[in-house]
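> My questions all concern the structure below.
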Amino acid sequence: MKQQHTVPLVELDEVGKIYSLGERTITALQAVSLHIYPGEFVAVWGPSGSGKSTLCNLIGMLDVPSSGTVQILGQDVTTLPDGKRSDIRNKTMGFVFQSFNLIPVLSALENVMLPLQIAKVPAAQAKRLARERLAEVGLSDHESQRPAKLSGGQQQRVAIARALVANPSLVIADEPTANLDSENAIKIIETMRELSRRNGTTFVFSTHDHRLLERVERQLQMCDGKIIDDRLSGQAEFLQRIQVAP
């Protein structure tokens, strides 16, 4: 679904993905074409096996397509070597995983600092930026606590802060509310929406939860490896936020 006068952040052209399992093959995606624009807040939804996670993995360059092309910020990343893909991913993307993937022996603050430390950001700067992100998700008072001392919702907010700490253009979240009760699930989505509004970050997340769909601006419905519906909600609000080129 194309918005006029904007350049896509993500562009997929006739992308397919086939997995080989011994003598069997599984078609996970079938000729998917898609544009995602800066600042969008997008939910990918559908039943298990519909291709949601595969689509997110291809957008996040965690996997490569069997056919078609993937462009990120105008660059074709389909055939780039692993090292170059990792470099682009580290500079432009953040990830929120279903299982949180927090390091148990590190505090909340240290978990959020980790991507910056990997990028060799000076320690004092990394700590300052991590504290700012924890404050944004309402966890300033929990920065010294390890994951085991945090609730599921708090752990997920730490994961969101970690995904955002390097100011990525794009955050990809795979089933970000799967392990949360309804109240915390809605809080997490609202936190991500607010951060998207405030920072212009693009969010793409997969979900099974129909209750969350009314809280996104754009819905991509998948079935059998295809996008069968692509609709905007809150379109006027979105158009007011995007930067329109002259």
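> Lys/Arg Cβ at +1, Asp/Glu Cβ at -1, dipole of the chain taken about the Cα centre: which of His208, Ser140, Ala161 is farthest positive-ward?
Final value for the positive-end residue is Ser140.
> Once Rh is set to the Kirkwood radius over Cα pairs, what Stokes-Einstein translational diffusion coefficient, in µm²/s, holds for the range 1-141 at a temperature of 10 °C and a viscosity of 1.306 mPa s?
In µm²/s, the coefficient rounds to 91.
> Next up: Return the aspartates and glutamates within reach of Lys127: Cα separation strictly under 12 angstrom, same-chain partners fewer than 8 residues apart disregarded; answer none if there are no such residues.
Glu110, Glu143
> On to the next question. Give, rounded to the nearest 20 debye, the magnitude of the charge dipole that the range 1-129 has about its Cα centre when Lys and Arg contribute +1 at Cβ and Asp and Glu contribute -1 at Cβ.
With Lys and Arg at +1 and Asp and Glu at -1, about 400 debye.
> Please work out the Kirkwood hydrodynamic radius for the chain, using every pair of different C-alpha atoms, and report it in angstroms with one decimal place.
Kirkwood hydrodynamic radius for the chain: 18.6 Å.
> I would also like to ask the following. What is the projected area of the convex hull of the Cα atoms of the range 35-78, averaged over all directions, in nm²?
So the mean shadow area of the Cα hull is 3.6 nm².
> Can I ask one more? So which of Lys149/Lys187; Lys52/Lys84; Lys91/Lys226; Lys52/Lys226; Lys17/Lys91 end up more than 21 Å apart by C-alpha?
Lys52/Lys84; Lys91/Lys226; Lys17/Lys91
> Note the full-extension length gain between Arg198 and Leu21 as 0.36 nm times their separation in residues minus their Cα-Cα distance, in nm to one decimal.
59.3 nm
> Right, next: I need two numbers for the range 94-212: Rg to one decimal and Dmax as a whole number, Cα atoms only, in Å.
In order Rg, Dmax, the Cα atoms of the range 94-212 give 13.2, 42 Å.
> So in the chain, what percent of DSSP beta bridges are antiparallel if you round to the nearest 5?
If I count the DSSP bridges inside the chain, around 55 percent turn out antiparallel.
> Taking only Cα atoms, what is the 0 to 90° angle, nearest 10, from helix 152-164's long axis to the longest principal axis of the chain?
Roughly 70 degrees between the two axes.
> What does the charge dipole of the chain about its Cα centre add up to, to the nearest 20 debye, if the Cβ of each Lys and Arg holds +1 and the Cβ of each Asp and Glu holds -1?
660 debye
> Name the residue from Gly60, Gly22, Gln125 whose Cα lies farthest towards the positive end of the charge dipole of the chain, charges +1 on Cβ of Lys and Arg and -1 on Cβ of Asp and Glu.
The listed residue farthest towards the positive side: Gln125.
> Stretch His208-Gln30 to full length: gain in nm at 0.36 nm per residue minus the Cα-Cα span?
62.0 nm
> Then there is this: Taking the chain as a Gaussian network, Cα atoms linked when under 10 Å apart, which of Gly60, Gly22, Gly225 shows the biggest mean-square fluctuation?
Comparing Gly60, Gly22, Gly225 in a Gaussian network model of the chain, the most mobile one is Gly22.
> Tell me, what are the semi-axes, in whole angstrom and largest first, of the equivalent ellipsoid of the range 110-161 as set by the roots of 5 times the Cα gyration tensor eigenvalues?
19, 11, 9
None of the figures in this text is laboratory data; all of them are computed from the coordinates on show. Nothing here was measured: the structure is a model prediction, and the numbers come from that model. Note: ideal-geometry Cβ built from the backbone for every residue, glycine included; neighbour counts use all protein chains shown.
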